[in-house]
Amino acid sequence: MLLSRIRCATFVGASLVATASTASAHHLMGGKTPSTLADGILSGLGHPIIGPDHLAFLVALGIAVGVGRLSLITPFLFLVAMACGVAAHVAAINIPAAELIVALSVVIAGVLLALDRRIPASGWAAIFSIAGFFHGYSYGESIYGAETSPLAAYLVGLVAIQALLVLVIAFTSRTAWTVSAIGPRLVGATICGVGLTVLAAQVIPSP
């Protein structure tokens, strides 16, 4: 059983690393601002999945909720903060180094899971709320300048896909990792690696 869980964790981690190495752009529409309802929905659904840092953070959120037996209010706070971040970007509020903070949030979440740090539920809520705002601000780049209809559709897609992913991961991890902590710790280490990879790509100039 333990070996099975380790394999599961390794598979999830490998998938995240593969995503980090292949997804070079956080935009499902190839850089084009969504102009229709369908474009908005598709972009909203795809953005958290093709962005390795965003996907890794959602996995961390799901595992923290599942293994830590956190209230479902925690992912709700993340989603509210994320929507506020999108609104801030759409309103043309300039927040320097937002992408760096997003990468750092992934590293922090990964380290906490890898080290199996037992922090209070309020601590997790604060981390995910603050990070949610900056992840949302990053998401806002894809929809900046769009009309009201695709913008609303984009937000619906963002909320739907993230809520679904987090809930599935939370309930799966709550069921699968009730005995051993090795699985969440292995995935946490991989999440940290994804965050460091994205962070290095932003800090180290391209040749």
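The values are calculated or read from the model by the stated rules, or taken from the named source; none is laboratory data. Since this is a predicted model, take the numbers as computed values, not measurements. Backbone-built Cβ (ideal geometry, glycine too); neighbour counts: all protein chains shown. Surface areas here come from the heavy atoms of the whole protein model, side chains and all, with no ligands, DNA or RNA. Shrake-Rupley method; radii C 1.70, N 1.55, O 1.52, S 1.80 Å.
Test of understanding: what is the full-extension gain from residue 202 to residue 189, defined as 0.36 nm times their sequence separation minus their Cα-Cα distance? Working shown, then result.
On the way: separation 13, 0.36 × 13 = 4.68 nm, distance 2.02 nm.
Contour length minus the Cα-Cα distance gives 2.7 nm.
Only Cα pairs under 8 Å and at least 6 apart count here; give the relative contact order of the range 26-176 as a rounded whole percent. Before the final figure, lay out the partial values.
Working: 223 pairs, mean separation 71.4, N = 151.
Averaging sequence separation for qualifying contacts and normalising by length gives 47 percent for the range 26-176.
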| query | Ordered by residue, what ³J(HN,Hα) values in Hz, to whole numbers, does the range 190-196 give under the Karplus form 6.51 cos²θ - 1.76 cosθ + 1.60, where θ = phi - 60° and Gly and Pro are x? | reply | 5, 4, 4, x, 5, x, 5
| request: List, in order, the whole-Hz ³J(HN,Hα) value for each residue of the range 137-153 obtained from phi through the Karplus relation with A = 6.51, B = -1.76, C = 1.60 and θ = phi - 60°; use x for Gly and Pro. | output: 4, 5, 4, x, 4, 6, 10, 4, x, 7, 6, 4, 5, x, 5, 5, 5
| query | Does a label point 7 Å from the Cα of residue 160, set along Cα-to-beta-carbon, have any residues of the range 57-83 with amide nitrogen under 18 Å, and which are they? | reply | 79-80, 83
| For the range 110-158, with every protein chain kept in place, what is the accessible area per residue (1.4 Å probe, Å²)? | 44 Å²
| request: Along Cα→Cβ, 7 Å out, is where each label goes; now give me the distance between the ones at residue 121 and residue 32 in nm to one decimal. | output: 4.6 nm
